[in-house]
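Asker: Pasting in a structure now, in structure tokens, and then I'll have a few things to ask.
Readers should treat all values here as calculations from the given coordinates under stated rules, not as data from a laboratory. Model, not experiment: these values are computed from the prediction. Positions of Cβ are backbone-derived with ideal geometry, glycine not excepted, and every protein chain shown enters the neighbour counts.
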Amino acid sequence: MTGILSGLCYAVYSLMGRSASQRGLNPWTTLVYTFGFAAIFLLGVNLIPDNPIPGVAVHPEDLFWLGHALAGWGVLFLLAAVPTVMGFGLYNVSLSYLPSSVANLIVTLEPVFTAITAYFLLGERLTWIQILGSIVVLTGVVFLRLYEGRRAVLSARSRAEIGVAPAK
């Protein structure tokens, strides 16, 4: 259920990001609003009394379990700022320049390239299931790109046959 809902929410996020970029809104501003509303929503979920959801804060002070550990807060800030904010921010910027189908294909490759990078740089081991999953993802992306390219060629041929000017 969580996997399906997260995929659905990411699709909505992608569509809303594309809509915001088409309206000329600054991608970083839309990111601040998106993360701001998400933070308020998650804070509200964590503060529900007698919350039945596993993993939420039982008491409000559980949200600040790092206490006075400045190194812990620094690492938490770096993890929030660099991979999260920069990743989503650059994705929003890419929606201003690329069709959302291309941007989402690139995002689909992220887990594969992360696994490959971890293998070579960090010495991580990949199981056969992970390798097979990576091959399936790569095959799907290549298939979609070839299909879109073939469809574009066929569309251009059919336009040329009926004498219509090429689309821009």
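Asker: Translational diffusion coefficient of the range 49-112 at 20 °C, 1.002 mPa s, Stokes-Einstein with Kirkwood Rh over Cα pairs, in µm²/s as a whole number.
Answerer: Rounded to a whole number, D works out at 143 µm²/s.
Asker: Among 33, 13, which comes first, then next, by fewest other beta-carbon atoms within 10 Å?
Answerer: Ordered from fewest to most neighbouring Cβ atoms within 10 Å, 33, 13 come out as 33, 13.
Asker: Next up: Filter the chain for me: DSSP H helices, axial length by Cα at least 20 angstrom, mean Kyte-Doolittle hydropathy not below -1.0. List them by residue number.
Answerer: Passing helices, by number: 2-22, 27-46, 128-162.
Asker: With charges set only on the Cβ (+1 for Lys and Arg, -1 for Asp and Glu), what does the dipole of the chain come to about its Cα centre, in debye to the nearest 20?
Answerer: It works out to roughly 1000 debye.
Asker: Where Rh denotes the Kirkwood radius from the mean inverse Cα pair distance, what is Rg over Rh for the chain?
Answerer: That ratio is 1.07, to two decimals.
Asker: Based solely on its DSSP helices, what 222 nm [θ] is calculated for the chain when runs of n ≥ 4 H residues each add -39,500 (n - 2.57) and the sum is averaged over all residues, nearest 500 deg cm²/dmol?
Answerer: -23500 deg cm²/dmol
Asker: I've got another one for you. Mind listing P(r) for the range 109-168? All alpha-carbon pairs, 5 Å bins, whole percents.
Answerer: Going from the shortest bin to the longest, the percentages are 4, 16, 16, 14, 9, 8, 9, 7, 8, 5, 3, 1.
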